[in-house]
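Please read the structure below before turning to the comments.
None of the figures in this text is laboratory data; all of them are computed from the coordinates on show. Every value quoted in this text rests on a predicted model; they were computed, and no experiment measured them. We place every Cβ from the backbone using ideal geometry, glycine too, and count neighbours over all the protein chains shown.
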Amino acid sequence: MADAEGNIEAKNYAVDVAAKNGGPNVKGAENLDWGVKARLWRIFDTASGNTLMLAFDHGYIMGPTSGLERIDLSIVPLIKYADCIMCTRGVLRSVIPPSCKTPVALRFSAGSTILTELNDETLVGIEDAIKLDAAAIAPMVAIGSEFEAKTIANLARCADFTAKYGIPTLGVTAVGKNLARDARYLGLATRVCAENGATFVKTYYCDEGFERVVAGCPVPIVVAGGKKLPENEALELAYKAISSGARGVDMGRNIFQSENPEAMIQAVGAVVHRGMKPAEAFELYRDLSAR
Ligand code: R5P
């Protein structure tokens, strides 16, 4: 029972000091609830404001992708360098150690494989995302595809979950085989995700006009790496994306298919969090690889 008498008198009211409420915000999160903000700040680094997300959800569509044959051997040792991991619930439960402190962006939709076109996506149950302590749920959104309406409806449903349970929604823009990865398309896709309630958006980088894509999207953009490039080119891509306003990368193949994934993820981290120039980051990659 609390004591009513004999307590030390409360007197440190600092009446001359303005109240410090809130703190920094992730772009577009100013008006969101505390739980959403807290989860976003598990994903985004509080010092740089950026995030290095390690994506290894490719198997849900591609099967045993090169570099992901044995996630226990290839990915688990990299997790400590990432701010967030992005994977399916199947791999999370079967392979990822629950002792890992890294937040999880849970791949939250499924429906197609590389053997078919983009398909009729369905969502994972929100109860499972809660059980798995997801820091974000990540549905795929296929703007311009035959299944556009279904995937936008899925995203809107996820945004309802965000509002109800405080778990941010990462809108994952998919590009179909016939869609151009240019600023016009990416600007449309990312904006549609944000307008429909995505808390942040994953998309692709384009050389021409990416600043406009970022400016037109009221929530943070993180950039996927795409197909494997030579390490120096992947670091340049990350640098150009961050310099153009992306708040991080959600990178998979250019890390886990690298000659030296552990060196590569650290070099990408230096670009994302310290703004290291690509040439210097490539030197870092080579130094770390030589050890
Ligand atoms: C794509 O839908 C997958 O979800 C990947 O997470 C994403 O493409 C990022 O991986 P990568 O850098 O290999 O493109």
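Say a site is exposed when it is one of the GluC sites (Glu not before Pro), sits in a DSSP loop, and has at most 13 other Cβ atoms within 10 Å; what is then the longest site-free stretch of the chain? Between exposed loop sites, the widest span is 147-207. Its residue count N fixes a reference of 2.2 N^0.38 Å for region 62-106, and the Cα radius of gyration divided by that reference is 1.07.
By the compact-protein rule of thumb, 2.2 N^0.38 Å, the alpha-carbon radius of gyration of the chain corresponds to a ratio of 1.07.
Across region 276-281, rounded Karplus estimates of 3J(HN,Hα) from the backbone phi angles (6.51 cos²θ - 1.76 cosθ + 1.60, θ = phi - 60°) give 4, 5, x, 5, 5, 5 Hz, Gly and Pro being marked x.
The angle separating the long axis of helix 231-243 from the principal Cα axis of greatest extent in the chain is about 50 degrees.
Calculated FRET efficiency, Ala19 to Lys101, Cβ-Cβ distance, R0 = 35 Å: about 0.65 to the nearest 0.05. A simple rule links phi to the HN-Hα coupling: the Karplus curve 6.51 cos²θ - 1.76 cosθ + 1.60 with θ = phi - 60°, which for region 85-94 gives 10, 10, 7, 7, 5, x, 6, 4, 5, 8 Hz, with x for Gly and Pro.
Each residue, Leu229 and Ala47, gets one label point 7 Å from its Cα in the Cβ direction; the gap between the two is 2.6 nm. Sparse packing (at most 15 other Cβ atoms within 10 Å of the Cβ) combined with a DSSP loop state is found for the following trypsin sites (Lys or Arg not before Pro) in region 76-123: Lys101. Region 11-78 and region 134-148 have their alpha-carbon centroids 19 Å apart. Between 0 and 90 degrees, the angle of helix 183-195 with respect to the longest Cα principal axis of the chain falls at about 40 degrees.
Counted residue by residue at 0.36 nm each, then reduced by the alpha carbon distance between them, the extension gain from Ser66 to Leu115 reaches 16.0 nm. Helical content alone sets the calculated 222 nm signal of the chain at -11000 deg cm²/dmol, taking -39,500 (n - 2.57) per DSSP H segment of four or more residues and averaging over every residue.
Subtracting the Cα-Cα distance of Glu259 and Thr122 from 0.36 nm times their residue separation leaves 45.8 nm of extension gain.
Against the main long axis of the alpha-carbon atoms of the chain, helix 34-43 sits at an angle near 50°.
With the simple model of a label 7 Å out from the Cα in the direction of the Cβ, Ala2 to Ala180 spans 6.5 nm. Amide H contacts under 5 Å for Thr51: Asp45, Gly248, Val249, restricted to partners 5 or more places along the chain or on a different chain, H placed in the peptide plane at 1.01 Å from N.
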